[in-house]
Each structure stands twice: as structure tokens, then as C-alpha cells.
1. Helix A:107-118 against the longest principal axis of chain A: what's the angle in degrees, Cα atoms only, rounded to the nearest 10?
2. Find which of B:Gln152, B:Ser98, B:Leu65 sits farthest along the positive direction of the dipole of chain B, computed with +1 on the beta-carbon of Lys and Arg, -1 on that of Asp and Glu, about the Cα centre.
3. Count charges around A:Ala442 for me, please; just the other residues with Cβ under 10 Å from its Cβ, Lys/Arg as +1, Asp/Glu as -1.
4. Please give the average number of partner chain Cβ atoms lying within 10 Å of the Cβ of each residue in A:78-91, rounded to a whole number.
5. Which whole number gives the average, over all residues in B:253-266, of C-beta atoms from other chains lying within 10 Å of the residue C-beta?
6. Using only the alpha-carbon atoms, how far is helix B:29-46 inclined from the longest principal axis of chain B? Give it as 0 to 90 degrees, nearest 10.
7. For Cα pairs less than 8 Å apart in space and 6+ apart in sequence, what is the mean separation divided by the residue count of chain A, i.e. the relative contact order in percent?
8. Taking each residue in A:423-436, count the Cβ atoms of any other chain within 10 Å of its Cβ, then average. What number comes out?
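The numbers here are math on the coordinates, done by the rules we state, and not lab data. In this text the structure is predicted, and so the values were computed from the model without any measurement. For neighbour counting, all protein chains shown are included, and Cβ atoms are generated from backbone atoms with ideal geometry for every residue, glycine included.
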Amino acid sequence: MSKKILLETRDLSVAFDDKLALDRVNIALAENEVLGIVGETGAGKSLLARSLIGLLPPGAERTNGDVWSDDRALSTMSPAELRNLRGGVVSLIGTNAKALLDPVQPVGEQVATVLRSHRRLSHRAARQAAVELFRQVGITDPESRATAYPHQLSGGMAQRIVIAMALVAGPKVILADDATLGLDATIQVQVLDLLVERCRTEGLGTLIITHDLGIVSQYCDRVAIMKDGQIVEQSDVSAFLAGPQTTYGQELLKAAKVRPTLIKSDSNGDAPQSEAKSGPLLQIRDMVKHFRGRDGGVVKAVDEISIEIGRGETLALVGESGSGKTTAGQCIVRLLEIDRGEIVFDGTEIGNLPASEFRAMRKRIQMVFQEPYVALNPRWRVEDLISEPLSLDETVRSAADRRSRVLEMLEAVRLPKALAKVFPHELTAGEQKRVGMARALATRPDFVVFDEPTTALDIRVRAQIIDLIRTLQREMGLSALFITHDLNSVRSLAHRVAVMRYGKIVETGDTSTIFEQPGHDYTRMLLNAELPIERAAEKDLIAAV
Amino acid sequence: MSAVMTPDETPNTDLSATSDLGRFLVRHPAALIGLSLLILQILAIIFAPVLSTHDPMQANALRSLQPPSWENWLGTDVSGMDIYSRIIYATRINLLISVTAVGAAFIVGVPIGLLVGYYRGWASNLTMRVFDFVQSFPVFVMGMALVSVMGQEIWNVAIALGVLFTPVFARLIRAEALSLRERSFIAAAKCSGATDIKILFRHILPNALSPAIVQISISIGMAILLTAGLSFIGAGVRMPTPEWGLMVSTGSQQMILGIWWVSFFPGLAIILSVLSFALIADAARDFIDPRRAR
């Protein structure tokens, strides 16, 4: 390939104080090419992105090599040339688009301002050009959207506008640093489709920085794997998917792949034990939870949903943010009071029990919370955190009992005993998640609500957590409600799936049925937004044939 | 390095290590100055009888308005009382009033703030409106009103200041509690069957306390100023009690005649005392701040 190299690093090293954060990095981005950089938290991906535009964070220093653009080294450029490079030659699109936009200016004005700083345009012409740009990035009704303020836009819309701004000055290279982090899967696909398509039609070089191998397999030509500040592997995406050269690459790929599907009860010992008591463990009938909105309207967060969960069974509740799935979970554990309907747990109606009577049931119904760090009191030690719910368990009374239960739980979630004495901030995200699970399981509950157990985790950690949940379910015979938007983990964890949208359940069924023959349009839309690496591999296979 | 916060970036909030404090002081000279000044004041309080050269309340008409000399280090006032000895003894009165007032405000304000922040309802709203009412008056006018109703005793000054400062602490704690109650570790505690009392005092309070602890120092500084100010305008403690503001007040008429020492030295004492608490407050803010690097 004799494509022109637009931006490259040659033996680039960057250090914080004496700690090497980037270690002799060599990457080259050619025109009309999409390069993916994948790595886990702390691998140095974002630092690399900032190095590429000559904007090192305070405390960081280039110790070796350089970044080259058009046969010029960045370190030899004057401040004016660097300014021209940023935006003019290389545009950076970051995470959280709303934070990148000025909150007190209509977005159309903001784009017009950028336009005017790069081209000679009148106010009016710049505003029209901005509207035209909005149209190009697929914003419906661009005229009225141009007068909107950032807070009036959705996350996906704001990200489109940031992309529009990045394209304004006709750059040659686009750097997308986790640009779709935190967006719903359906929106993520739309934004990435747009970004990559625009870059391809204009022949730009695109660098996509992500921790999601699905994105790489779907959109990138080449991939570079980063670990501890080094590029450990670099190859064509199809070659990488066919077989990574390094063990780290293999580990990542294996972790990102779907775990074999759970098989339902009767075939093996994976799920329910003997159905000693007949009937489902949890039955929700016509549950309703409304909130009063700020404008006086009613938000129907949960609108007459009915669910059944059998003993030892896992039901996944999937949907996009705002579909009401977390609210539903919180109603079941009585963090929120339901407005109407009933929740029957093991033959007892618990949805309308007085709080004092429900306390007796708490021991059997627990919840694992979403954000691993925020769900742990920062001033408590791990052992105190895990033993907190033991006050519900009358069989555990003495300090020695509590202590042994804590150790037992640490072992169950595969954490070393030494961690009992540490504070949450001394743990990694994966360990914090495990502590949260140990706390929920401490009273040996029959039923656990897992709220987004796999989001915001690195690929390998995510795979470990999925494996752990499966093991725990088998060992403890748990029933579970698994709230998530990560369809990949649903395949690995759930027996059945319920799809939720706008507070209603639109479809319920066995996991395999839902994934293979989705009945509802919305389910199909969710499935289409998924970026499993298997599909990319299939695509290549088909192309090869 | 991605935008997701990793646990290693959420550093330590542990305040216990004393060597940590030592290192902190070395790196923050202002904190060291504040702490030294505070220690000086504490020494003055404990050893006032030893440190003083005269009886602080002994008038001596023959030695009225003497300039600083070997006999009277910082001079004498109109009644011939030794200014140096009075300043030393006044430390007791001023700090006693301020610390008592702020301590009481802290002890009363913190639980109120906690309750008002955690439970929302008409009682919370009513409490906040009462605080609005107390705080909407100029502090000084309110202080004067309270003292004049209750009488010009030392304890009444302390009580008046305590009433003034209670809403400050309550508001600070309330603001923290309002955001903490929405955090998911509170929800997790509820799932663990924690009672409201436990949630309030073991989960919310320890996490809400930092700004209030910083405020203690700031408020003590303010209380010293207010005590002095009330005395200066005649609404605080009365002669011959040694009190800095009162001393400044008695000397103020002579300033114009060039007799500067009567007001100057107690004024300096006020400045240094307030400064010491301001510096400590500043340092405490940095020290407690969880973002502070180890």
C-alpha cells in the first residue's frame, strides 16, 4: 500500500515524572484508513491521543521520539503552527459531547463561530453553513436544532454536533477518543456509522480509541493493541480476529467473545434444583410506578409490567437508558414504593407490605448496584461493608460468626482475605464490583437483582465478572433479575429475556428465541445495534467465499 | 487513562496518620504559622498568671496612659491597668466565648442539618425558613439584639454567637446530606436493612463532616471578631473584664492624641488570633480534601 501517511509516531515515549506512560510507541495513520487503538483502563490510550495533537497533560513530558505530521516533527513547530495543526489538520472528538459544548450559547452559533475562525464568512452565511453541516451529520430539522442549547439535546445529538464541528475546518485526521462512551447502543451505532462514513467519503485518516473490540471489528481496517503504554500488537483487523499473535491479544479477544449460552433447567445441573415448592419464585403483576416530572407531567417509569421468575432462573431485563428497567429493579427490592400492582415472592405478597414487615424478607431479596465505587461507603472497610446486611440474618450473631461469614464471602467472589481490611478506594473497579456482590450475597439470599453488572468494566474484567456470576448462581442456586443494556452478557447469563421500552415490557421469551427470532421491531433494533465480534468475522468469511 | 474514573485516581481520605500531618505541615508553611499562633494562644490561656506582670483588673490612677516601658511592657490604659497583662488574660475570655459558641453551634447545627437534609417535608422546610430569618439580619444587629435582651454577660455573648452560627453548620451539613442521600451506597445500606439512625450517623455523617470541620476554624475567627466588635460598641462584656474589643474601644478616644498603644496592641492580638484560625481553616480544607495527593 502506498497510501500517504498523515500522522505517525516514531519511538514516542512520554513520562510522568520518572514513570514511563508511553513506551516507544510506533503507529502510522494513512489517508482513507480507520485505525483502532484498543486497551484497558490505564493503558495510555488517551495520553497517546493528546500526544498526537501536542497537548500533553501537566506533569507529562516527552522523553523520546516524536510525532510526525507531513514530514514535520511536532516538537519543532511554533505555537501558531501547532494551533493550525489542531483543528486544521487533526481534530479530536472526546467523550461526553455535552461537556465539550458551551452551555450558554445555541449550538448553531457555536459551529458558526468555528466556521468564521477558519473561513471568511459573514455572520449570516456562517449560520447557514452551520445548518447545512447539521444536515450533513444527520440531524433532523437542522434549522430549529441550531437555535437549541446543549442541555436541550440528547447525548447522541450533541455528539453529532461535535462531529460537525470537528469536520468544519476540513481536517485530514479525526481522533475519536472513546467518543461513544456512555451512549446507548442504538445511538452508538448511528454515531459511529456517521463518523466512519464521513471520514471514508472524504478520505480522512481516522483513529478510533476504545476499549470495545466490537467497535474495532465493525469499523476499523487495522488495530493496535495497547498495554501499559506499549503497542503490543498491530495488524489488520481480519488477521487479528482470525488469530492474535500475542497472548494478551488472545486473552482480550477471548474475553470479548460471547460465553456459551446457558441451557435451561432440565438438560443439566446448570440451573434449577428440584422444584420442591411449585410455582415461580417471583411474580410481578401489573406493577406501576409513576414519577411527577419537573414540568408537572407524569413520567410513567414503570407502566403495568408483569414478570415471572422461576426458582434458579435468571431473567434479563434489557432496554435502553430511560426505559424504566432500573426503576423496576428498585421497586422489587423496595427501594421505591410501587403505585399499583403486586409483587409476590415465594407465595407472599411483598409489594404492599408495611416496611417493618418487609424487613423480614430483605434477607432473601438483595441487590447488586450499578456503579462499583459509588455503591460502597468510602469510609468503611471491606469487612464492614460485607457484614452490614448480616444484621438481617438472625443465624449470624457473634463477632466471630460475622467474621467467618465475611471471609467465606470473600472466597466466594474470589478475593484474597487480606482485602477485608482495606478501604474501597484501594481496590480496582473489578474488585469493587466483587465486594458489592459479596455484600449482596452475605445473607445467602434466594433472589438477587443485578443492576448493570458488566457496564463500564474493561473487557477482561467483564468476562471475569460474568464467569463469577454464573459460578455463584450454580453454587448458591440463586434466582436473579439481570438488568442491563449489554446484550452480549445477556446471552451468557440469562435463561429468559424481557425487553423493556418506555416503561412497558414489549417482548418476553427464552434467550435463544429472542436472539434468533425477535418478535418485536424494537428488539430487532436493539439486536442490530449490537457489535459482536463474531458477526464481523462472519462477514469476512462471507466476503472471502 | 480513559475518561472512566479508575479507583487509583480516587485517593485517600484517611486522616489518622500523624506522620502524614507532619509532612503536610512541612510543605505548607502557612499552616505551620497558623498552628504556632494557636499554640501561643493556648499557652497564654494556661499560663496567664505566670506570663502576666500585673493584675489585669488592678486600676492605678497614678500610672494612667503610660507608654510602653520596662515597668509596663505595652503601656497602660486610662485607668492605669497594664495592657500586656490584660491582653494575656483576654485570650481566656475571647477564646472561651468563641470556642464555646462555635462548639455549641456545631453540636446543635450538625444533627439539625443531618435531619433536615435527609428527611424532606414541611418540618424541614420550616426549619430552613427559620434559619433564613436568623441569617437575613445583619449578623451584628442580630448579635446586639440578642445580647441586649439577655444581658451583657460573657455567657450571653457566647449564646448569642452560638445562635448566629448554628444555621451555618446546619446548612453545610444539609447540603452534603442532600447529595449523599441519593448516592447508591445509601440505597445499598437500605437493602442491608440499615435503620434510619444507622444511615444518618454511620453512612451520611462521616461523609458529610469535612466542610463543617473546616468551618469550625473560620467561625472561631469570625466569633473573635464579633465578640470584639460587640464589646467595642458597648453591647458585649463590660469593664473591667479584660477583652480585646473592649480594650480597643477604651483606647480609641486617645488615638487622636497620639496615645496609640492602648488600642494598637489589643487590635494586633485580634488580628493575629483571627489570622491563626483563618490559616488553620485553609490548611484543614487542603488536608481533608480527598483529591490531595498522598
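1. 30 degrees
2. The residue sitting most towards the positive pole is B:Ser98.
3. Computed value for this residue: +2.
4. Per residue, the average neighbour count from other chains is 0.
5. Shielding by partners across B:253-266 averages 0.
6. Approximately 60 degrees, to the nearest 10.
7. Working: 1046 pairs, mean separation 82.0, N = 545.
Reported as a whole number, the value is 15 percent.
8. 3
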